[in-house]
1. Can you tell me how many residues in the range 42-67 are under 23 Å from residue 98 (Cβ atoms) and not in a helix (DSSP H, G or I)?
2. List every residue pair whose Cβ atoms lie under 9 Å apart, where the two residues are 6 or more positions apart in sequence or sit on different chains, the first residue falls within the range 220-242 and is assigned to a loop (DSSP other than H, G, I, E, B), and the second residue, located anywhere, is within 10 Å of the ligand (Cβ to nearest atom) and hydroxyl-bearing (Ser, Thr, Tyr).
3. Please find, within the range 200-241, the residue that is farthest from the ligand (Cβ to nearest atom) out of those that are open to solvent by less than 10 Å² (accessible area, probe 1.4 Å) and closer than 13 Å to residue 187 by Cα.
4. What pairs come up if the first residue lies in the range 131-146 and is not assigned by TED's automatic domain parsing to the domain that holds residue 297, the second is of a type in the set (S, T, N, Q) and more than 12 Å from the ligand (Cβ to nearest atom), and their beta carbons are under 7 Å apart, counting only those six or more places apart or on different chains?
5. With the structure loaded, tell me whether residue 177 is over 19 Å from residue 271 (Cβ atoms) and buried (at least 18 other Cβ atoms within 10 Å of the Cβ) or whether it fails that test.
6. Is it the case that residue 101 is assigned to a helix (DSSP H, G or I) and of a type outside the set (Ser, Thr, Tyr)?
7. Checking the conditions here, which among 86, 53 is touching a strand residue (DSSP E or B) at 6+ places or on another chain (Cβ under 9 Å), over 30 Å from residue 207 (Cα atoms), buried (at least 17 other Cβ atoms within 10 Å of the Cβ) and not basic (Lys, Arg)?
8. So residue 169 clears everything in (1) in a loop (DSSP other than H, G, I, E, B); (2) open to solvent by less than 30 Å² (accessible area, probe 1.4 Å); (3) more than 9 Å from the ligand (Cβ to nearest atom) except one condition, right? Which one?
Amino acid sequence: MSGTQAAHPAASASDPSSIVRLSTAYWESQTLLTANRLRIFDVLADGARSADEVAAALQLDRRSTALFLRACVGMGLLTESSGCFENAPVAATFLVSRSPAFMGNVIRYSDQLYGAWGSLEEVLRSGKPALPAQTYLGDDPARTRGFVMAMHERALGIARALVSVLDLSGRTAMLDVGGGPGTYSVLLTERFPGLKSEVLELPGVAAVARELVAAAGAGDRVVLRDGDYHSADFGSGLDVVLMSGMFHRETGQACRGLIERAAASLDPGGLLVVSDVFTDEGGAHPTFAAMFGLNMMLTAPDGGVHSDADVMRWMADSGLRDLRMVPLPPPMPHRVVLGVKP
Ligand SMILES: C[S@@+](CC[C@H](N)C(=O)[O-])C[C@H]1O[C@@H](n2cnc3c(N)ncnc32)[C@H](O)[C@@H]1O
């Protein structure tokens with residue numbers, strides 16, 4: 001899509017409804033974020049309750065709670081019958097903390113960034129993130145744990161989709177660069193027996209990841225190494241290097257350097273897997289990817305978004321061949337770029 005075309009609904013010249021909708025979209029975001037923060041969906045997990053009962057359980061104002069719950073009904077998160085509210089199926093699956101598909105920590109992370117989005121203009125003026133990245137990458141233990149748990153929940157979904165498009169049969173040695181909670185390594189080494197993975201991570205994040213890897217019973221096949229991927233040795237003799245969700249924190253130049261070092265560490269036939277939210281060429285589409293770039297700009301010094309076409313060019317320049325891009329199935333916005341060392 002060219003830079004002059006607009007695929008977003010705001011494109012219509014005769015109907016302002018899409019503009020109105022965009023200007024109030026945060027009402028719904030804040031309603032979901034607040035409901036999740038208050039654990040409204042847990043309060044309703046065992047059956048229907050009246051607004052007064054919910055208000056009493058959470059020590060909220062009764063009149064406000066009734067308005068709030070009706071708004072949640074309007075958004076499709078709850079249903080109401082005979083004055084009592086229940087979780088809609090989507091909320092019961094993804095927003096109740098005891099559900100295996102619980103996404104509450106991911107939503108909590110968005111909640112924590114709500115204030116940063118309020119600083120968008122300031123960030124545009126200063127060119128500096130609204131939130132120092134180190135806050136959630138080690139400096140503040142509680143926020144670091146929250147960030148790692150959010151990554152873990154998100155990765156449980158994304159990595160399962162990745163496993164379905166990635167064949168690592170017969171491969172034995174993987175380096176998972178900036179591997180976060182280690183979830184990809186745990187799931188990939190489980191899916192492909194014989195594969196072992198080393199996760200390279202910053203110390204504060206690695207400490208939480210060690211707990212998650214141990215809890216998954218994967219300590220014999222996934223090890224954590226404390227280190228900075230800008231300076232750490234990637235080693236040699238690898239047959240897979242995974243770089244997932246880290247390019248959006250880095251400049252194009254840094255991504256290029258990381259790809260070169262990954263290519264150098266691979267044996268012939270070795271595979272580089274780069275998974276992230278990427279835009280099409282031009283950087284404006286899909287809309288979610290362009291917005292994701294802003295979200296990263298607000299939260300990391302070099303945060304942004306790259307196009308998959310750029311990643312492929314950098315891989316080709318590093319001598320990798322058989323380049324392919326595989327989109328993960330919806331609703332994942334991620335694309336996976338693959339390259340093989342000849
Ligand atoms: C968005 S997360 C992706 C985590 C994981 N790969 C995934 O896809 O779920 C980016 C990760 O890069 C790590 N990271 C950022 N800068 C790093 C650095 N200089 N060295 C090592 N890890 C780093 C962060 O701690 C974080 O876990």
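1. The qualifying residues number 9.
2. Listed by first residue and then by second, the contacts come to 221/185.
3. 218
4. That search, which allows pairs on different chains as well, returns nothing.
5. Working: over 19 Å from residue 271 (Cβ atoms): no; buried (at least 18 other Cβ atoms within 10 Å of the Cβ): yes.
So residue 177 does not fit the description; no.
6. Numbers: assigned to a helix (DSSP H, G or I): no; of a type outside the set (Ser, Thr, Tyr): yes.
Answer is no for this residue.
7. Working: 53 fails: buried (at least 17 other Cβ atoms within 10 Å of the Cβ).
Result: 86 is the single residue among 86, 53 that is touching a strand residue (DSSP E or B) at 6+ places or on another chain (Cβ under 9 Å), over 30 Å from residue 207 (Cα atoms), buried (at least 17 other Cβ atoms within 10 Å of the Cβ) and not basic (Lys, Arg).
8. (2)
The values are calculated or read from the model by the stated rules, or taken from the named source; none is laboratory data. All figures in this text were calculated on a predicted structure; none of them were measured in a lab. Cβ atoms come from the backbone with ideal geometry, glycine included; neighbour counts cover every protein chain shown. Ligands, DNA and RNA are excluded from the accessible area calculation, which covers all protein heavy atoms including side chains. Shrake-Rupley method; radii C 1.70, N 1.55, O 1.52, S 1.80 Å.
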